[in-house]
Amino acid sequence: MLFATVATRLLPHLPAFIVGLLLSAALLPATVYYVSPTGSDNAAGTTPQTAWRTLAQVQSHAWSPGFAPGDQILFEGGAVFTGTLYIQPDRSGGTADNPITVGSYGSGRATLTSNSGDLLMLWIPSGERLGFHIRDLNLVATGSAGHGLLVWNGSSSRVDYLRLTNLYVSGARRDGISIGRSTGAGRITNVVIRDCVAFSNTGTAGFSGPSGSGIVLGGADGGLIEYCRAYDNGAANTNSAGPVGIWTWDSNNVIIQHSISHDNKTNGGDGGGFDIDGGSTNCVIQYCYSYNNYGSGYLLAQYDGAAPMGNNHIRFNLSINDGRKGGYGAIDVWGHNGTPSMTSAYIYNNTVYMTPPAGNGPAYGLRAWHRYTGIRVFNNIFYLSGDNVRAVTSTRTQANDIFFLNNAWYHAGPGALDFTWGSGGGQAVYATLAQWAAATGQETQGGLLLGREGDPRLSLAGSIPALTDPSALASLAAYQLLPASPLIDRGLDLTQPSYGVLDPGARDFWGNALPQGFAFDIGAHARGTSFFEWISGISGLAEEDYHPLADPDQDGLPNFLEYAFVSHPNDPADRAEPLLSTVDIDGQPHLTLTYRRLKDPAAAGLAYIVETSPTLAAGSWASDPALFIGHALDTSPADHDLVTVRLATPLIPGSPQFLRVRVTTLD
């Protein structure tokens, strides 16, 4: 460090050839080491032809003389290497600019396997070095009591730069991938875990802590987990603080996104899909798919003695049929009975579907237990099907502790929604949303009920897509808002400061920009109304002319009615307003109305209602079908139907009659 400082100060005064020598020295290429089953540990290891043979030789070199920044240790793809690898970055460490890489070469991934200890471990006992990229490997533990991959900071200093990509980790009896720090140690910064799969990491029965998680990121400050998958983990865990597929703890500013966690298990607690856990702040789980897990799909948990936990977000995710063990929510909030240091969390624009659990006890759309405060639940869909599935259970009842607003609730099949509020002798159960809201003020704003109860009209509702490729999440056809969904354009605008979210994200689960229509939607899917999709395809309009009430061609029909009556909004010659006429029936004139309508009004989210009035006065319009002589329907036009409606009673001289068609959105 002293030499670098002196050299920098002298640099302007050095001859050009000396400067060139200094720069050349700084850019000397790092060494690539190869390991192959056909190699020799007595060879140099620096070419495929002079490869080392065993993990033991890699281990020996890592200890002394050590690998240098930028070095690569590459195992032959498709080959299997038995043993463990333990590296201390104070002896073999890289930097953010020149990390050490451990990976594969040739065709496919190499497999590292062991039946003892942690299969691959980076332990930082002291100093500030980390700088590792581990990629393109199968890590297969066979009966090992350790982790598949463990990275642990025991140093008091922050350490920087860790990349884990394209790893397949299985068989561990602790966790598949685990990253963390000792108490009082420095944080691990600049962490990315991408395209990794953790599966069949069983955990250990009788172990004193949780075991059997897929991917765990702890002690981080700035981390990203994306395009990962965790499944079939945790089956042997018996601890009450059980495993989760993908989660973070004791971390700040971690994002978990575009990932899948499914069919994770437990014989104790948890066994869920995703989790933001003890002491974490400013973390986000978004654009993830959780299904068929024993425990909750998404968990916010604070354990006793952890650092304060706050400003965490769970948004734009799907939870489909989680909580299979019974007693869990699709979304769970849990604060330890000790210090109430979970101070704020935001759960919004998620879509939940849940059927009765296989295990004991009911399952819940959302379960909130013990000590927490500042939980806000906005714009979510809770679609519950069958008996023994309930909407909410919460032990805390004050609005400053937990508050629901503008969520959509639906219970299909036997049973009621059931909102269980409070605990012990003060517990109450409300069968409907209206009862719960009236008794508690939940789901209300300014005295108005904003929560909704009824069918959200979702595509392929009730299906459980067995999607396994995180890069294909946007292709998921299920649980999107149908065109006639009453939840389109009905979401809260969470960019407003009063809701506390501040930054609700720019895209929905499927990658659509927000908002899609003229307002935000409820649930994980943002869908423009069919009107919005139609008007977006009209060229030549000024920005202000896209509004439903705008009339760019000045023909007296606003855009919304141009859409409903299938005419062009920017062509005054194409004006398809309803036409009034009379027709003789048995020698008597009957008032007749003919109008265009869309081919499938319900799919477009529209209703056409014909009404009659003798006076035009407000309140005088009637739409009783008995007032009309049927509906004549001409379906021959390619882009619309032609509907003709006649008054049942004939016109009487001196007694006026009026007809109109009212077009409204389905809601």
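What shape does the range 289-334 take by its C-alpha gyration tensor, where a ≥ b ≥ c are the square roots of the eigenvalues and a/c under 1.5 counts as rounded, a/b above b/c as prolate, and the rest as oblate? It is oblate, given that a/c is not under 1.5 and a/b is not larger than b/c.
Over the residues of the chain, the helix contribution to mean residue ellipticity at 222 nm works out to -2000 deg cm²/dmol, using -39500 (n - 2.57) for each DSSP H run of at least 4. Take every DSSP beta bridge whose two residues both sit in the chain; close to 20 percent of them are antiparallel.
Taking one quarter of the surface of the C-alpha convex hull of the range 588-667 gives a mean projected area of 6.2 nm². Each of Ile585 and Leu502 was given a label point 7 Å from its Cα along the Cα-to-Cβ line. The distance between the two points is 6.6 nm.
Plainly put, the range 494-555 has a radius of gyration that is 1.06 times its Kirkwood radius, both from alpha-carbon atoms, as the Rg/Rh ratio.
Taking the protein heavy atoms of the range 222-270 in the context of the full set of protein chains, the accessible area attributed to carbon and sulfur is 47 percent at 1.4 Å. Ordering Ala56, Val663, Cys288 by Cα displacement along the dipole of the chain toward the positive end leaves Ala56 in first place; charges were set at the Cβ atoms of Lys, Arg (+1) and Asp, Glu (-1). Each residue of the range 296-304 is assigned a 3J(HN,Hα), and the resulting list reads 5, x, 9, 10, 10, 9, 10, 8, 5 Hz, derived from the Karplus form 6.51 cos²θ - 1.76 cosθ + 1.60 (θ = phi - 60°), x at Gly and Pro.
Semi-axes of the equivalent ellipsoid of the range 624-667 are 25, 15, 10 Å, computed as sqrt(5λ) over the eigenvalues of the C-alpha gyration tensor in descending order. Within the range 203-285, all pairs of alpha-carbon atoms sorted by distance into 5 Å bins from zero give the percentages 4, 18, 26, 22, 18, 10, 2.
The C-alpha radius of gyration of the chain, expressed as a fraction of 2.2 N^0.38 Å, stands at 1.22. Between Val32 and Ser623, residue separation times 0.36 nm minus the direct Cα-Cα distance comes to 204.6 nm. Among 35-47, 275-287, 210-222, 80-92, sorting by the average number of other beta carbon atoms lying within 10 angstrom of each residue, highest first, gives 210-222, 275-287, 80-92, 35-47.
Distance from the alpha carbon centroid of the range 613-638 to that of the range 111-167 works out to 73 angstrom. Whole-percent P(r), the range 515-656, all Cα pairs, 5 Å bins from 0: 2, 8, 15, 17, 17, 14, 12, 8, 4, 2, 1, 0.
Peptides 571-578, 248-255, 414-421, 69-76 ordered by packing proxy, namely the average of other Cβ atoms within 10 Å per residue, highest first: 248-255, 69-76, 414-421, 571-578. Restricted to Cα atoms, the range 104-213 shows a radius of gyration and a Dmax of 14.0, 43 angstrom. The packing ranking of peptides 541-550, 400-409, 585-594, highest mean first, is 400-409, 585-594, 541-550, where packing means the average number of other beta carbon atoms within 10 angstrom of each residue. Note that the chain presents 40 Å² accessible area per residue, ligands and nucleic acids not counted, probe 1.4 Å.
Computed from phi, the 3J(HN,Hα) profile of the range 137-147 under the Karplus parametrisation 6.51, -1.76, 1.60 (θ = phi - 60°) reads 9, 9, 10, 10, 8, 10, x, 6, 7, x, 8 Hz, with x in place of Gly and Pro. Using Cα atoms only, what is the angle between the long axis of helix 16-26 and the major principal axis of the chain, expressed in degrees (0 to 90) to the nearest 10? Result, in degrees: 80.
The residue among Gly269, Leu651, Gly556 whose Cα reaches farthest toward the positive pole of the charge dipole of the chain, with charges on the beta-carbon of Lys, Arg, Asp and Glu, is Gly269. One equal scatterer on each Cα of the range 321-363, no solvent, Debye formula: the resulting log10 I(q)/I(0) at q = 0.28, 0.33, 0.34 Å⁻¹ is -0.94, -1.10, -1.14.
Sequentially through the range 347-355, phi angles give Karplus couplings (6.51, -1.76, 1.60; θ = phi - 60°) of 10, 8, 6, 9, 10, 10, 10, 8, 10 Hz, Gly and Pro residues having no value and appearing as x. For the range 236-269, backbone nitrogen atoms closer than 18 Å to the point 7 Å from Ser471 Cα along Cα-to-C-beta are found at 257-261.
Scaling against 2.2 N^0.38 Å puts the C-alpha radius of gyration of the range 422-555 at 1.34. Calculate what fraction, in whole %, of the accessible area of the range 531-667 sits on carbon and sulfur atoms when a 1.4 Å probe is rolled over the protein chains. That fraction is 56 percent. Taking the 1.4 Å solvent-accessible surface of the range 420-477 as the whole, the part contributed by carbon and sulfur is 54%.
When only alpha carbons are used to place a centre, the range 348-373 and the range 525-585 end up 44 Å from one another.
The values are calculated or read from the model by the stated rules, or taken from the named source; none is laboratory data. Predicted model only: the values in this text are computed from it and were never measured. So basically every Cβ, Gly included, is an ideal-geometry build from the backbone, and we count neighbours across all protein chains shown. With ligands, DNA and RNA removed, areas are computed over all heavy atoms of the protein, side chains included. Shrake-Rupley method; radii C 1.70, N 1.55, O 1.52, S 1.80 Å.
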